[in-house]
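A.B. asks: One structure follows; several queries about it will come next.
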Amino acid sequence: MKNAKMLAMSTILGSAVFLAACGSEDEANGSDNGSEGSSEELSGQVQGDGSSTVAPIMEAIVEEYAAAQPGVQVSSGVSGTGGGFEKFIAGETSFSNASRPIKEEEEAGLEEEGVEYTEVELGYDGLSVVVNQENDWVDSLTVDELKEMWVETGEEKTWADIRDGWPEEPIEFYSPGTDSGTYDYFNEVILEEDDIVRSATLSEDDNVLVQGVLGSPNAIGYFGYAYYLENKDTLKVVPIDNGEGAVEPNNETIESGEYAPLSRPLFTYVRNDKVAEDPAVADFIMFAIENAGDLAEAVGYVRAPQEVYDEDMATIEELAAE
Amino acid sequence: MRYINHEEVASKTKKRLTKNTIFKGVFAAATTFGLIVLTILLYRIITQGSGYISLDFFTSFASRIPENSGIKAAIAGSIYLMLVVAPVSMFLGVGTAIYLEEYATKNRFNTFIKINISNLAGVPSVVFGLLGLTIFARFFDLGISILAAGLTMSLLILPIIIVASQEAIRAVPNELREASFAMGATKWQTILRVVLPASIPGILTGSILALSRAIGETAPLVVLGIPTILMFMPDGLLSTFTALPMQIFDWTKRPQVEFHDVAAGGIIVLMALLLFMNSIAVFIRNKYQNRY
């Protein structure tokens with residue numbers, strides 16, 4: 001039995017030593033990076049949560065911020081836009097990432113808790129509608145046609161139902177899950193709150209949607225621009241016609257808003273009281289606004305116009321000065 | 001007088017042998033099927049992920065650039081998590097097992113407890129996540145800390161540890177206990193000096209297997225809302241943290257294929273960790289198992 005005890009002890013000791021080693025190294029890194037950061041050394045904790053679409057931008061911001069202000073521990077989850085707001089309302093987070101504007105009921109929830117917030121734009125995303133590359137008939141879709149396709153009517157839909165001359169093959173639908181901000185946004189601007197077609201495959205993992213569309217010439221799907229960019233060579237993007245000619249999503253058309261109505265801003269919402277009280281929160285959000293444009297482009301999204309960033313920066317600066 | 005009808009036997013032998021061969025084939029196919037799937041999976045994961053495994057992978061935080069991504073925060077978080085789960089779940093689990101096996105009298109209430117423990121072992125892990133979120137994170141206001149997640153995971157594996165420990169304690173022959181009582185030992189002395197030493201290999205084996213389940217479990221962490229974007233090391237039990245399965249889960253959902261490969265690298269590390277823990281369990285079982 002002595003041996004068993006020895007074994008248990010050495011396992012515990014071993015892991016403790018490993019942890020200590022990690023810890024000291026961390027401190028060493030911290031002091032290295034601190035010299036190039038902003039003048040004032042801050043410390044504290046900043047917690048956020050929210051959209052998984054916004055997560056890559058937020059990860060890049062947090063990564064850069066950790067180098068600038070090693071004393072501030074920023075963390076952010078990926079519970080989805082709705083899940084993030086739930087925690088934001090409950091007061092568990094200081095900022096909440098969202099891939100759609102805040103909903104009325106969420107606003108009401110915040111009001112009930114007496115929480116004031118500021119909306120900060122981090123960048124733009126263009127919801128990309130894609131079909132299989134073997135699909136040679138679709139060259140563009142109007143907003144009305146999109147709605148006709150995606151709304152549940154009780155009948156099975158074929159491509160021929162949408163436009164004459166297209167094949168009489170049933171359409172296969174792939175959509176992000178109903179918990180995602182991406183679905184909410186599509187629901188608002190295309191479905192206009194009508195039910196989504198029941199045969200649609202819903203998935204919270206956009207890579208599943210990509211695979212689905214790759215798998216069938218009759219498939220259609222939509223997801224964030226970053227997922228289209230990554231699969232540019234294997235998928236065919238459908239230009240969207242909102243009455244002023246068909247527009248394909250790309251950096252220029254998304255930033256200018258020409259790719260309407262599917263180009264959408266990506267936000268993070270911040271509690272005003274936290275910005276005013278906690279210099280770490282204020283500093284982090286200012287850092288985020290300052291770098292969001294470049295970092296959004298670095299991870300496959302599109303920057304917002306500079307005026308937007310300037311405006312948000314002015315609001316936060318004002319709050320922080322209070 | 002002949003007891004065996006040789007003609008009869010000869011006529012049936014062929015049929016029986018054929019049956020034997022068929023079933024042998026069926027069961028061999030079943031085994032191979034599982035093995036083939038496992039091999040394909042391992043092959044894919046290893047070819048995808050091995051390129052990312054290096055010292056840097058262990059010493060850098062997650063990054064927007066796949067090549068720079070690492071699991072420093074995740075692996076430290078997982079180890080911290082185990083430092084909470086192991087003592088809590090083993091103390092509660094083994095304690096419960098000792099009570100149920102040694103002290104508890106056979107009445108309806110205790111039978112009810114035993115049935116419920118077996119039922120708990122079958123409850124989906126998501127449900128434990130919800131329980132942890134409501135009780136530990138919100139009610140006790142522990143937030144999404146190591147302590148809250150550790151206690152949740154402890155609850156999750158508690159039934160497994162209890163059942164394994166009960167089996168181990170039950171396997172200790174009664175003669176040993178009686179001998180101890182005959183020497184004038186109290187019940188507690190008997191448990192501490194006779195029952196526990198004899199059953200500890202079984203208890204440890206069960207506990208380590210349960211712990212390896214806890215280290216790979218993702219669903220409760222997702223429900224608790226453990227963050228994945230985080231660039232600092234945990235600095236205490238109330239610190240925010242991330243864990244290896246969460247980090248892997250996040251990477252597999254990214255648009256960039258390179259991140260899927262980084263995820264594969266994380267999976268290899270997690271598998272190695274699991275294999276290591278399981279081999280400790282096997283080692284303990286083989287080395288210290290006494291037979292009476």
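A.B. asks: List nothing, just return the count: lysine pairs in chain A, 8 or more apart or interchain, with Cα separation under 21 Å.
C.D. replies: Eligible lysine pairs with Cα atoms under 21 Å apart amount to 5.
A.B. asks: What does DSSP give for chain A in terms of the percent of beta bridges that are antiparallel, rounded to the nearest 5?
C.D. replies: The antiparallel fraction comes to roughly 60 percent.
A.B. asks: Right, another one. Name the residues whose placed amide hydrogens come within less than 5 Å of the amide hydrogen of A:Leu266, ignoring near sequence neighbours (fewer than 5 apart) on the same chain.
C.D. replies: For A:Leu266, the qualifying residues are A:Leu122, A:Gly123, A:Tyr124, A:Asp125.
A.B. asks: Also, quick follow-up: Starting from the coordinates of the alpha-carbon atoms of region B:139-291, obtain the Kirkwood hydrodynamic radius over all distinct pairs and give the value in Å to one decimal.
C.D. replies: The Cα-based Kirkwood calculation yields 18.2 Å.
A.B. asks: Mind checking the log10 I(q)/I(0) for region B:6-52 at q = 0.14, 0.30 Å⁻¹? Debye, one equal scatterer per Cα, no solvent, two decimals.
C.D. replies: Debye output, listed in q order: -0.55, -0.95.
A.B. asks: Further question: Heavy atoms of the protein only, probe of 1.4 Å, neighbouring chains included. What is the accessible area of A:Glu106 in Å², nearest 10?
C.D. replies: The accessible area of A:Glu106 comes to roughly 20 Å².
A.B. asks: For the protein assembly as shown, what is the charge dipole size about the Cα centre, in debye to the nearest 20, if Lys and Arg each add +1 at the Cβ and Asp and Glu each add -1 at the Cβ?
C.D. replies: The dipole magnitude comes to about 7520 debye.
A.B. asks: Can you pull the one-decimal nm distance between simple spin-label points at B:Val282 and B:Arg108, each 7 Å off the Cα toward Cβ?
C.D. replies: About 4.7 nm separates the two model spin labels.
A.B. asks: Using all Cα-Cα distances in the protein assembly as shown, what percent lands in each 20 angstrom bin from 0 up to the longest?
C.D. replies: Result, from short to long distances: 17, 42, 29, 10, 2, 0 percent.
A.B. asks: Continuing with this model, one more query. Please give the contour-minus-distance gain from A:Ala276 to A:Ala200: 0.36 nm per residue of separation, less the Cα-Cα distance, rounded to one decimal in nm.
C.D. replies: Extending this stretch completely gives an extra 22.8 nm.
A.B. asks: More than 28 angstrom separation, counting every C-alpha pair in chain A; what % is that?
C.D. replies: Here the long-distance tail beyond 28 Å is 48 percent of all Cα pairs in chain A.
A.B. asks: About the Cα centre of chain A, what is the dipole size in debye to 20, counting +1 per Lys and Arg Cβ and -1 per Asp and Glu Cβ, all else neutral?
C.D. replies: For chain A, the charge dipole is close to 1640 debye.
A.B. asks: If you don't mind, there's one more thing I want to ask. Would you be so kind as to identify which of A:Pro249, A:Val213, A:Pro261 lies farthest towards the positive end of the dipole of region A:169-283, taking Lys and Arg as +1 and Asp and Glu as -1 on Cβ and the Cα centre as origin?
C.D. replies: Checked the options; the winner is A:Val213.
A.B. asks: Enter the accessible area of B:Tyr80 (Å², nearest 10), with the probe set to 1.4 Å and all protein chains included.
C.D. replies: 50 Å²
A.B. asks: What's the total accessible area buried between chains A and B, using a 1.4 Å probe, rounded to the nearest 100 Å²?
C.D. replies: The A and B chains share an interface burying roughly 3600 Å².
A.B. asks: Lysines within cross-link reach of B:Lys14: Cα-Cα under 16 Å, excluding same-chain residues under 8 positions apart?
C.D. replies: B:Lys24
A.B. asks: Moving on to the next point. Using modelled amide H (1.01 Å from N, peptide plane; none on Pro or chain starts), what sits under 5 Å from the amide H of A:Gln73, excluding residues fewer than 5 places away?
C.D. replies: When sequence neighbours closer than 5 places are left aside, the close amide H contacts are A:Gly44, A:Gln45, A:Val46.
A.B. asks: From Cα pairs below 8 angstrom and at least 6 apart in sequence, can you work out the relative contact order of region B:57-291, rounded to a whole percent?
C.D. replies: After rounding, I find 27 percent.
A.B. asks: Excluding ligands and nucleic acids, what accessible area in Å² is computed for B:Ile284 using a 1.4 Å probe, to the nearest 10?
C.D. replies: 10 Å²
A.B. asks: How high is the relative contact order of chain A, in percent, with contacts defined as C-alpha pairs under 8 Å that are six or more residues apart?
C.D. replies: Once normalised by length, the contact order is 23 percent.
A.B. asks: Let me ask something else. For region A:126-263, give the magnitude of the charge dipole about the Cα centre (Cβ charges: +1 Lys/Arg, -1 Asp/Glu; no others), in debye to the nearest 20.
C.D. replies: 320 debye
A.B. asks: Rank B:Thr152, B:Pro201, B:Phe136 by how far each Cα sits towards the positive end of the charge dipole of region B:57-291 (+1 on Lys, Arg Cβ; -1 on Asp, Glu Cβ) and give me just the farthest.
C.D. replies: B:Pro201
A.B. asks: Starting from the Cα of B:Lys114, draw a straight line to each of the lysines and keep only those under 25 Å, dropping any in the same chain fewer than 8 residues away.
C.D. replies: The qualifying lysines are B:Lys106, B:Lys187.
A.B. asks: Could you give the radius of gyration (one decimal) and Dmax (whole number) of the Cα atoms in region A:186-322, in Å?
C.D. replies: Calculated on Cα positions, Rg and Dmax stand at 18.5, 58 Å.
A.B. asks: In a shell of Cβ-Cβ distance under 11 Å around A:Met286, excluding A:Met286 itself, what net charge do Lys and Arg (+1) and Asp and Glu (-1) give?
C.D. replies: Value of the local net charge: -4.
A.B. asks: If R0 is 56 Å, what FRET efficiency do you get for B:Glu258 and B:Ile115 from their C-beta distance, rounded to 0.05?
C.D. replies: 0.65
A.B. asks: Still on this model: At 7 Å along the Cα-to-beta-carbon direction for both A:Glu134 and B:Leu275, put a label point, then send me their distance in nm to one decimal.
C.D. replies: Each label point is offset 7 Å from its Cα along the Cβ direction, giving 3.9 nm.
A.B. asks: In whole Å, what is the distance between the alpha-carbon centres of region A:219-262 and region A:137-171?
C.D. replies: Taking the Cα centre of region A:137-171 as reference, the centre of region A:219-262 is 18 Å away.
A.B. asks: Follow-up question, since we're still on this one. Along the charge dipole of region B:6-52, pointing to its positive end and built from +1/-1 on Cβ of Lys, Arg, Asp and Glu, which listed residue (B:Ile40, B:Ala10, B:Phe27) has its Cα farthest out?
C.D. replies: B:Ala10
A.B. asks: Further, regarding this structure: If you take every DSSP beta bridge whose two residues both sit in the protein assembly as shown, what share of them, in percent to the nearest 5, is antiparallel?
C.D. replies: Percent antiparallel among DSSP bridges in the protein assembly as shown is about 65.
A.B. asks: Further question on the same structure: Put B:His260, B:His6 in order of accessible area, largest first, 1.4 Å probe: what do you get?
C.D. replies: B:His6, B:His260
A.B. asks: Viscosity 0.890 mPa s, temperature 25 °C: give me the Stokes-Einstein translational D for region A:126-263 in µm²/s, with Rh taken as the Kirkwood radius over C-alpha pairs.
C.D. replies: It diffuses with D of about 166 µm²/s by this estimate.
A.B. asks: While we're here: Under Stokes-Einstein, with the Kirkwood radius over Cα pairs standing in for Rh, what whole-number D in µm²/s applies to chain B at 10 °C and 1.306 mPa s?
C.D. replies: Once the numbers are plugged in, D ends up at 71 µm²/s.
A.B. asks: If R₀ is 60 angstrom, what is the calculated FRET efficiency for the pair A:Glu258 and A:Gln45, using the beta carbon separation as r and rounding to 0.05?
C.D. replies: 0.90
A.B. asks: Give the calculated FRET efficiency between A:Glu119 and B:Ala171 to the nearest 0.05, with a Förster radius of 60 Å applied to their Cβ-Cβ distance.
C.D. replies: The computed FRET efficiency comes out at 0.40.
A.B. asks: Provide the per-residue ³J(HN,Hα) series for region B:188-198, in order, calculated from phi with Karplus coefficients 6.51, -1.76, 1.60 and θ = phi - 60°, each as a whole number of Hz, with x at glycine and proline positions.
C.D. replies: Ordered by residue, 3J(HN,Hα) equals 4, 4, 5, 4, 5, 9, 10, 5, 4, x, 6 Hz.
The values are calculated or read from the model by the stated rules, or taken from the named source; none is laboratory data. Just so we're clear, the structure is a prediction, and the values are computed from it rather than from any experiment. Every residue, glycine among them, receives a Cβ derived from its backbone with ideal geometry; neighbour counts consider all protein chains shown. What goes into the accessible areas is simple: the full protein's heavy atoms, side chains included, and nothing from ligands, DNA or RNA. Shrake-Rupley method; radii C 1.70, N 1.55, O 1.52, S 1.80 Å.
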